[in-house]
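Since the structure comes first, as structure tokens, the remarks are kept for the end.
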Amino acid sequence: MPRGRGLAAVAAAALLVGISGCQLNDSGDNVVAGKQDFVAKCGSCHTLKRAGTTGVTGPNLDEAFQQARSTGFGQSSFKGIVYRQILQPNRSPQIDPVTGRAGAEMPAKLVTGTKARDVAAYVAGAVAKPGEDKGQLGSVGVKRSNAVAKESGGKLTIPADPGGALAYTYSSAQGGPGQVEIDSPNKSSVDHDISLEGNGVSEHGEVVKNGGVSKISVSLKPGEYTFFCSVPGHRHGGMEGKLSVK
């Protein structure tokens, strides 16, 4: 969920005033779909370990709910909190941990209807809970890649994760010296770009989403470089990798 600390700001207070009276019905919740939508719509701003998301411009949900879970508050209580925050988020912006600037407010109704209930049900069952998701639920979510992108003919392609996670589909890259075009297609609805720094290079591509391609053209010398997404919070959330030029 884009930037804002809605969930963290109200979690403890809402529990203390008896949010359990606003519980949702568990019947019919599709937590697999809820996890997928959480990753696509919320994971770029929120950390939730079981979903594999590492966003930092919104609150860490595991930390926000840890005390409440340890003191015995149940899943239906969490579900009510999350559902209400999706529809009517707290409007206090989160401070970006890298720039120190306030991020954008969390927009209301990123998901609605059944999707909002599914996301709330998944988060309620996963937040501040040790272990990993199993079975079909474990088959979806952020999957970190160990693949290496390789430059060919002066072109290097490093796509953004199509599901909206703070990740590229390659964790590192290799190339030769000379003029190289680096492309980063982004099929997700989350803003991303491709940037590169190192050995005197500092280049940033256009921020794109929904099928756009962020591009840079750079002259590379032998050595080590870092590619990353320069959208606030994304690099800090893990969206970076090493480019080795030999």
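The values are calculated or read from the model by the stated rules, or taken from the named source; none is laboratory data. Just so it is clear, the model here is predicted, and its values are computed rather than measured. As a convention, Cβ positions derive from the backbone with ideal geometry for all residues, glycine included, and neighbour counts pool all protein chains shown. With ligands, DNA and RNA removed, areas are computed over all heavy atoms of the protein, side chains included. Shrake-Rupley method; radii C 1.70, N 1.55, O 1.52, S 1.80 Å.
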Qualifying residue in the range 143-159 (condition: closer than 20 Å to residue 110 by Cβ and touching a residue at least 24 places away in the same chain (Cβ under 8 Å)): no
Members of the range 28-70 found to be more than 23 Å from residue 135 (Cβ to Cβ), open to solvent by less than 10 Å² (accessible area, probe 1.4 Å) and in contact with a Ser or Thr (Cβ under 7 Å, 6 or more places away or on another chain), listed by number: 45, 46, 55
The listed residue being within 20 Å of residue 233 (Cα to Cα), open to solvent by less than 50 Å² (accessible area, probe 1.4 Å) and among the hydrophobic types (A, V, I, L, M, F, W, C), out of 216, 158, 182: 158
Residue satisfying all of: in the range 115-138; open to solvent by less than 100 Å² (accessible area, probe 1.4 Å) and free of Cβ contacts under 8 Å to residues at least 40 places away in the same chain; farthest from residue 171 (Cα to Cα) among these: 116
Condition check for residue 189: hydroxyl-bearing (Ser, Thr, Tyr), in contact with a helix residue (DSSP H, G or I) (Cβ under 9 Å, 6 or more places away or on another chain) and open to solvent by 40 Å² or more (accessible area, probe 1.4 Å): yes
Matching residues in the range 211-246 - criterion: being under 16 Å from residue 161 (Cβ atoms) and in a strand (DSSP E or B): 212, 213, 214, 227, 228, 240, 241
For residue 195: the one exception among (1) without any contact (Cβ under 8 Å) to a residue 12 or more places away in the chain; (2) crowded, with 19+ Cβ neighbours inside 10 Å; (3) not acidic (Asp, Glu): (1)
Residues located in the range 134-158, provided they are of a type outside the set (S, T, N, Q) and either in contact with a Gly (Cβ under 6 Å, 6 or more places away or on another chain) or at pLDDT 95 or above (or both): 141, 142, 147, 148, 149, 150, 151, 153, 154, 155, 156, 158
Scope the range 146-183; condition in contact with an Asp or Glu (Cβ under 8 Å, 6 or more places away or on another chain), among the β-branched types (Val, Ile, Thr) and outside any loop (DSSP other than H, G, I, E, B); matching residues: 157, 180
The one condition in (1) of a type outside the set (A, V, I, L, M); (2) assigned to a loop (DSSP other than H, G, I, E, B); (3) surrounded by 14 or more Cβ atoms within 10 Å (Cβ to Cβ) that residue 143 fails to fulfil: (3)
Neighbours by Cβ (under 8 Å, 6+ apart or cross-chain): first from the range 31-58, at positive phi and in contact (Cβ under 8 Å) with a residue 40 or more places away in the chain; second open to solvent by 10 Å² or more (accessible area, probe 1.4 Å) and charged (D, E, K, R): 52/143; 52/144
